Amino acid sequence: MADENTIETPEVVSEVAGDAGEAQGRRGRGRGGNREGGGGDRGRGRGGRDDRRGGKQEEDDGIIEKLVHINRVSKTVKGGKRFGFAALVVVGDGQGRVGFGHGKAREVPEAITKATAAARKKMIRVPLKEGRTLHHDGNGRFGAGKVTLRTAPPGTGIIAGGPMRAVFESLGVADVVTKSVGTSNPYNMIRATFDALTDQTSPKSVAQRRGKKVVDLLGRGGASAVEAEADAAAIVE
């Protein structure tokens, strides 16, 4: 019979992985096995902790990887408990593309690798205003999670907490104000955030869809013709 899912901090997860490896090494030495078995398992457990401690990784292809959450699941079997790990990872290029994925494995590093590969396959492109913030406000919802995203002036910074901050840092947003209500589950929060990001549109795409010029759309908000032309020229995407 399986125990209930438990949420552990990265330090607790690493200690559990190290203890499991040490116990396996003691069993191998008692039965005449090689002494390096336990040490190898312990090394993998501690290696996973070092990977998580960085929080932000950037590879040769310029993709930013952020570990958001790790969940440990234990299953009681004959002879003891069998542990499994689930990782939630957010990746992005810092220039308007972002994705998330989750993976499960018996070891923490393998779970992170699976989650990263899944996130890279599901990256989406989000239009950014001036390359630093969103074009307009938006709302997203998934399950019990509700999020609100608002564009912000320069110097505001990323006003977001937990999983949402990882999404915007990977996306390349420098100024945004967010609010999350209803749940603190990281999976639901990230899915709700992506639901709001997929609804983002730029004035350029709206103008193309309606067969108009960008300056005509920006001038309808009460701005002067000079201001509208300047704003239209500043729009890249």
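Within the stretch 86-107, can you find the residues that are open to solvent by 10 Å² or more (accessible area, probe 1.4 Å) and hydrophobic (A, V, I, L, M, F, W, C)? Break it down stepwise before answering.
Residues of the stretch 86-107 open to solvent by 10 Å² or more (accessible area, probe 1.4 Å): 86, 93-95, 97, 100, 102, 104-107.
Ala86, Phe100, Ala105 - these are the residues of the stretch 86-107 that are open to solvent by 10 Å² or more (accessible area, probe 1.4 Å) and hydrophobic (A, V, I, L, M, F, W, C).
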(request) Have a look at Ser184, Ser170, Ser205 and point out the one that is of a type in the set (Ser, Thr, Tyr) and crowded, with 18+ Cβ neighbours inside 10 Å. (result) Ser170
(request) Could you check how many residues of the stretch 124-138 are open to solvent by 40 Å² or more (accessible area, probe 1.4 Å) and either of a type in the set (A, V, I, L, M, F, W, C) or within 14 Å of the chain's Cα centre (by Cα) (or both)? (result) 1
(message) Cβ contacts < 7 Å: first residue within 8 Å of Gly145 (Cβ to Cβ) and of a type in the set (Gly, Ala, Ser), restricted to the stretch 173-186; second residue part of a strand (DSSP E or B) and open to solvent by 20 Å² or more (accessible area, probe 1.4 Å), any location; separation 6+ or different chain. Result?
(response) Gly182/Lys146
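The values are calculated or read from the model by the stated rules, or taken from the named source; none is laboratory data. Here the structure is a predicted model, which is why all the values come from computation and not from measurement. No Cβ is skipped: glycine too gets one built from the backbone with ideal geometry, and neighbour counts run over all protein chains shown. Remember, those area values only see protein heavy atoms, side chains included, never the ligands or the DNA or RNA. Shrake-Rupley method; radii C 1.70, N 1.55, O 1.52, S 1.80 Å.
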